[in-house]
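The values are calculated or read from the model by the stated rules, or taken from the named source; none is laboratory data. The structure displayed is predicted, hence computed values, not measured ones. Because the Cβ atoms are built from the backbone with ideal geometry, glycine has one as well, and the counts that use them run over all protein chains shown. We work out accessible area using only protein heavy atoms, side chains counted, and drop any ligands, DNA or RNA first. Shrake-Rupley method; radii C 1.70, N 1.55, O 1.52, S 1.80 Å.
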Amino acid sequence: MSEEKHIHDHDCDCGCEDDELETMTLTLDDDTEVECGILGVFDVDDKSYIALLPLEDETVLIYEYNENENGEVDLGLIEDDDVFEQVTNTFYELWDDGSEEEDEDE
């Protein structure tokens, strides 16, 4: 999992850095552990994806997301650039809808 794909650099007031995020620990191929806030899980073309925000970084990471019947989570790299673009576009659409709703609530 060392080949991370990044989306959404963090120079905005999007609320992604909220202290109330659930977290999970990523273990990379080199056994480095990265604590990440979970921004959300969403579906694109019958597959699930997860958006994560490393607590020590300001760049959102996105992975394919699978959960087995035992509740164990398996994350996979999105190796196809076209699929990655489609997934990131969906993330941005969902995020934009969410941030507009938050703006309306204020």
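Could you order the peptides 20-33, 76-89, 42-55 from most to least packed, using the average number of other C-beta atoms within 10 Å per residue?
Numbers: 20-33: 10.1, 76-89: 14.1, 42-55: 16.4.
Top of the packing list down: 42-55, 76-89, 20-33.
In this simple spin-label approximation, TYR92 and ASP43 carry label points 7 Å from Cα along the Cα→Cβ vector, and these lie 2.4 nm apart.
Expressed as a whole percentage, what fraction of the accessible surface of the stretch 35-84 belongs to carbon and sulfur atoms when a 1.4 Å probe is rolled over the protein heavy atoms?
Accessible surface attributable to carbon and sulfur in the stretch 35-84 totals 36 percent.
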